[in-house]
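Have a look at the structure below, then the notes.
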Amino acid sequence: MHPDDGFHDHAGTVMVIAWGQFMDHDFTLTGTPLDPINRNDPEECCKRPLHLKHPYCNEIRIPDDDYFYRLFNVKCIDFVRGFPSPRPGCKLGSRQQFNTLTGVIDANTVYGVKEAFARKLRTGYGGLMRMNPVFQEYGLKDLLPLKLDIPDEGCTRPNKSMYCFEGGEIRVNEQLVLTCMHTLMAREHNRLATGLSQINKHWDDETLFQESRRINIAIVQHVTFNEFLPILLGKEVMEKFGLVLQKDGYWDGYDHTVNPGIIDSFAGAAFRFGHSLLPTAVERWSKAHKFIASKRLSDLIRRPYDLYRAGVLDEYFMGLMNQVAQAMDDSITQEVTNHLFKKEGARFGMDLVSFNMQRGREFGIPGYMEFRKFCGLPTSNTWDEMYGSMPNETVLRYGSIFEHPADIDLWSGGVSEKSLPGSMLGPTFACVIATQMSYLRRGDRFWYELPNQPSSFTPEQLQEIRKAKLSRLICDNTDLIDTVQIYPMVLPDHEINPRVPCKSGIIPSIDLTKWADFGGHGVDPSLYNYINEIPDTLLNFRK
C-alpha cells in the first residue's frame, strides 16, 4: 500500500519534519515495557519460545511472498504493546494508552518532565543547562552533555568509548536531525540565561533558570503556532479551528474544562503524517548554500556521532533549510519501511509503516471512515465513492486487499488523501491535528498569551516573544551560518521568502531588557512551584 515513489513537495523543507518530530517528542511517549539493563524495548519477541516471551509481545507476521523480507528469510518483526493507563476518574472502560509525558507544549524536550531529572540537566549556577564544551578551543558553541548513566539506551554505539547525548527527552539520539534540534533549543536556553544574568545581576540560579525556561517554552509555543502549523494546515483550517495567534494584546481563551491531554488518534496516527515526508538521505550544505554531501537516513538513526566533528551541526542545519521534503502522499521511503533501526552491517531493519498500523490497532483507534464521520466529511460505503478523495491507483490497491472502505486504518487512509488547498495535509488529518492543537492552546493554563496568571508575561514582554522566529534561533545558536531565509520551513524564494543576513536586523531579536527587574528581589519563587511540581497523577491524566 505504501511504496517508495519519491515524489517531492514543492515548498516544504526537511525543517518541517525536524520541527514536527521535535514537537512530537514534546507531546507523547507511550509507556512500553523496557529491558532493565539498557531500557530499550525488549528486542526479542519473534525468536523466543512462548514461555520466555514478554506477555506484551504482539509481533508482526510477514507473509512468505513479501518482496523484500523473503530475500533474507525474515518472517516476523518484533513489536511490544504499550502499557494500559487509568482512565479519567478511574472509571472502567476500554484500554487507555499511557502517555509518560505532559500533553501541553512545555519544552520537556529541553527540560525533562520530572523535577529530579530537570535538576540533573542543570549546572546549578547562572541558570544554565549542562553542556559539553567539546569545541571550546575552536571558539565554537557547545554540544549537549554526554549520556553516561545508561549509555546504550536508545543508542547504537560502535564501541565503548563512543557516547551519545543527554537531553530533556529520552529519544534525543533517535536520529541525528532530532539531536540537532535538541542542541539548538538547549543553546537558546543558555543564551537567554546569560542575557538575563547581565541585565539582572542580582538574580540567583533558580530565578535565571526559571525565567529563561519560561521564555524558551513561549518561543517553542510561538514558533509552532506561527510557522509550523500554518504550513501544515493552511490558513483556512487555522481560522476554522481558532488557531491563529493574536498580533498584540493578551488572548483570553483559557478554558479550564478543556483537557489538553493528547488524543489517541493524534498520537497513534495523525501526527505520524511526517513519515510520508521523510527523505531517503539527509543532506549537508555549506554556509554558501551549496550541497556538500548526504547520508542515508537509516545510517543516522540512533547514531548522532557526526556532530562530534566541528562545524557539522551547522552544515546539517543548512541542509534542513535547503533540502525539499518528500510529498505528503501514500509513498514512504524504504529507509524506514525496510531499514528502520538497522543494526551496523545488517542488510535489513524494521518497518515503520507496519508499526504505525499495529500501534493504531493496539490503541483501538477507530478506522479511517469513522474519523471522516467525526470530522463532518463525506464517508464511502463502496470503493467507487472513494475516487476523488485519493489517487485512483490507491483506491484500487485498497480494493484489492480490503473487503470494505470501513476496513482502512486511520494512518494509512490519512496519508493517502489528497491535500487541502494551501495545506500539506488531507482533510482528515488536518481535522485531527487542528482539534488537538485547539485543546493544547485552550486547555493550558501556562499558555504564553494568557493574562492574569501567575505565569503571565507583561504586555511588553509578550510583544517581544511575538518576535520569535525559527530563523532567529538558527542565527543565534549556530556558528557559521550568516544568511538564512526568513521562514526556514519553506524553500527560499527571492520575493516571498528571501535569504537575508543574520546581522541585517531584518529578522528581529527578542529584547531582554523588557525583563529588567528593578525591585531587586527577582520573581516570587513560590510561583515556580506551580510549574515544577507536576504531580504524577496529572502526567497520567489522559482523556
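The numbers here are math on the coordinates, done by the rules we state, and not lab data. Quick caveat: nothing in here was measured; it's all calculated off a predicted structure. Heads up, the Cβs are rebuilt from the backbone with ideal geometry, glycines too, and the neighbour counts pull from every protein chain shown.
A few comments on the model shown:
- Partners for Lys514 among lysines (Cα-Cα distance below 21 Å; same-chain residues under 8 apart left out): Lys201, Lys247, Lys467, Lys469
- Zone residues, the range 449-467, relative to Asp252, backbone N less than 15 Å from point 7 Å out along Cα-to-Cβ: 449-453, 459
- For Cys164, the residues 5 or more places off, or on other chains, whose built amide H falls under 5 Å of its own are Lys147.
- Compared with the dominant principal axis of the Cα atoms in the chain, helix 392-401 is inclined by about 60°.
- Rel. contact order, % - alpha carbon contacts under 8 angstrom, at least six apart, the range 306-392: 12 percent
- Short-range pairs are left out: with C-alpha atoms under 8 Å and at least six residues apart, the relative contact order of the chain is 22 percent.
- Virtual spin-label span in nm between Lys235 and Glu495, 7 Å along Cα→Cβ: 1.5 nm
- Protection-proxy order for peptides 417-425, 377-385, 11-19, 355-363, each taking the mean of Cβ atoms within 10 Å per residue, highest first: 11-19, 355-363, 417-425, 377-385
- Check: the range 172-246 dipole with +1 on Lys, Arg Cβ and -1 on Asp, Glu Cβ, in debye: 140 debye
- Helix 352-363 vs. the chain, principal-axis angle (Cα, 0 to 90°, nearest 10): 90 degrees
- Taking packing as the residue-averaged number of other Cβ atoms within 10 angstrom, the listed peptides 390-399, 301-310 run from highest to lowest as 301-310, 390-399.
- Radius of gyration and Dmax over the Cα atoms of the range 18-106, both given in Å: 16.9, 51
- Distant-in-sequence amide H partners of Thr483 (H built 1.01 Å from N, under 5 Å): Cys502
- Helical runs assigned H by DSSP (4 residues or longer) give the chain a calculated mean residue ellipticity at 222 nm of -9500 deg cm²/dmol, each run adding -39500 (n - 2.57) before division by the residue total.
- Using the average count of surrounding beta-carbon atoms within 10 Å as a protection proxy, the listed peptides 181-190, 336-345 rank, highest first, as 181-190, 336-345.
- Flagged links, alpha-carbon separation over 24 Å, of Lys147/Lys343; Lys114/Lys240; Lys114/Lys160; Lys53/Lys343; Lys75/Lys160: Lys114/Lys240; Lys114/Lys160; Lys75/Lys160
- In a reduced charge model with +1 at each Lys and Arg Cβ and -1 at each Asp and Glu Cβ, the chain shows a dipole moment near 740 debye about its Cα centre.
- The H on the amide N of Arg499, modeled in the peptide plane, is under 5 Å from the matching H of Asp493, each at least 5 residues off or on a different chain.
- Pairwise label distance in nanometres, Lys201 with Leu245, each label 7 Å out on the Cα-Cβ vector: 3.4 nm
- Between 0 and 90 degrees, the angle of helix 312-322 with respect to the longest Cα principal axis of the chain falls at about 70 degrees.
- Scattering profile of the range 380-478 at q = 0.16, 0.18, 0.24 Å⁻¹ [log10 I(q)/I(0), Debye over alpha-carbon scatterers]: -0.82, -0.91, -1.21
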